[in-house]
Amino acid sequence: MEENQKIRILVGGGAGYIGSALVPVLLEHGYDVTVIDLLWFGNHLPKEVTVIQKDLFDCKAEEMKGYDQFIFLAGLSNDPMAEFSPAKNFIYNAALPAYLAFEAKKAGIKRFIYASSCSVYGYTVNQLYDENAPVTCEYPYGISKLQGERGVFQMHDNSFSCIALRQGTVVGYSPRMRFDLIINTMFKSCMIDGKITINNPSIWRPVYDIRDAVSAYIRALQADYSLNGIFNVTSGNYTVGQVGDFVQQQVEKRQNRKIKLDIKNIQDFRNYKVSIEKAKTLLGFQPQFSITETIDNLFDHLDEISDFGNDMYYNINVFKKLKI
Ligand SMILES: NC(=O)c1ccc[n+]([C@@H]2O[C@H](COP(=O)([O-])OP(=O)(O)OC[C@H]3O[C@@H](n4cnc5c(N)ncnc54)[C@H](O)[C@@H]3O)[C@@H](O)[C@H]2O)c1
């Protein structure tokens, strides 16, 4: 597949945190991009992108005709939102991708790329999980992301390629910024309070620089249509204690001041580390960014993100106000 062909991409939920970093790169690669999004967090996309503000449940096969690939980035994107509104969580995260894959296939779209999550793995101990490992999550967000995957793959056949990217926690700068994600939260706390709170230092998390996340979507779009499947994708596996140390060291180095660590021992229901060998081998995915580079990237955009208290940066705060 040539990168500069005018392949037409429909991005559902493309105005969010990941979409706002991904869409400009899709344009650079010469793709013709349309975004459909409810704009819960506003529109931070380049002006040349067609953005249709509406619920994806109102998107039918007729208007998907002529597109080559669909990228699903919508739904409720973290545990607090899912716990605040469990019914809406299952509707938007489980039913919506299934519905859209059904309509997309009817429209003749050739591939559906689904933004899944490593949170489907739940609580694991001392094991590196590949895509065949048991999915043991017992909380609404993880279950709904898993159900979304299953709904999409139900549509898979020789004419309809399905790729699910089980993403680690995405971090770093996006024009639609979030400060409710592990490193971004720690960075914000350093800037505001000069300290990092570690709720549980022994918990494992796959941490995924947003630029690596963007590269995985590009690899998925460019893959031969015969490629299907579920792929773990992340930049690296770290304990939360390790992440805190990296953030502390880099902020101290950049700002020449002391950052305190506040270590707690709060029980967490998520603990996992994942193998990305399948994505490396079959998609050609190769993560590039370390935690230090993620922090440097946040410093590079500090002027754009100085208003750390703004509700806009915290999904649950915006979601509560939406009253849906
Ligand atoms: N950010 C992460 O760390 C992470 C990790 C793993 C998986 N994911 C998944 O990746 C996807 C994108 O994450 P994000 O961080 O960019 O989320 P986000 O919350 O920033 O963006 C989601 C976007 O979807 C839109 N949306 C939601 N429901 C919609 C609907 N019914 N119709 C139209 N638009 C709708 C919202 O307006 C918003 O712009 C989500 O599916 C999330 O579950 C994210």
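Quick note: the coordinates plus some simple rules give every number you see, no bench work behind them. This one's a predicted model, so the numbers in the text were calculated from it and none came from an experiment. Virtual Cβ from ideal backbone geometry, glycine too; neighbours counted across all protein chains shown.
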Failed condition for residue 85, given (1) within 27 Å of residue 277 (Cα to Cα); (2) more than 9 Å from the ligand (Cβ to nearest atom); (3) among the hydroxyl-bearing types (Ser, Thr, Tyr), with all others met?
(1)
Determine if segment 49-63 includes at least one residue that is touching a strand residue (DSSP E or B) at 6+ places or on another chain (Cβ under 9 Å), touching a residue at least 60 places away in the same chain (Cβ under 8 Å), buried (at least 18 other Cβ atoms within 10 Å of the Cβ) and not in a helix (DSSP H, G or I).
no
May I ask you to list the residues in segment 1-54 that are farther than 20 Å from residue 65 by Cβ, within 20 Å of the chain's Cα centre (by Cα) and of a type in the set (S, T, N, Q)?
20, 43
Test residue 159 against the criterion of being within 12 Å of the ligand (Cβ to nearest atom) and under 27 Å from residue 23 (Cβ atoms), and give yes or no.
no
Quick check on my filter: what residues within segment 155-172 are surrounded by fewer than 22 Cβ atoms within 10 Å (Cβ to Cβ) and within 13 Å of the chain's Cα centre (by Cα)?
169
Residue, farthest from residue 241 (Cα to Cα), within segment 162-212, restricted to residues that are touching a Cys at 6+ places or on another chain (Cβ under 9 Å) and of a type in the set (Val, Ile, Thr):
169
Return the total of residues in segment 2-43 being within 16 Å of the ligand (Cβ to nearest atom) and either aliphatic (A, V, I, L, M) or not in a strand (DSSP E or B) (or both).
26
If you go through segment 252-271 one residue at a time, do you hit one that is in contact with a Leu (Cβ under 7 Å, 6 or more places away or on another chain) and either surrounded by 21 or more Cβ atoms within 10 Å (Cβ to Cβ) or not hydrophobic (A, V, I, L, M, F, W, C) (or both)?
no
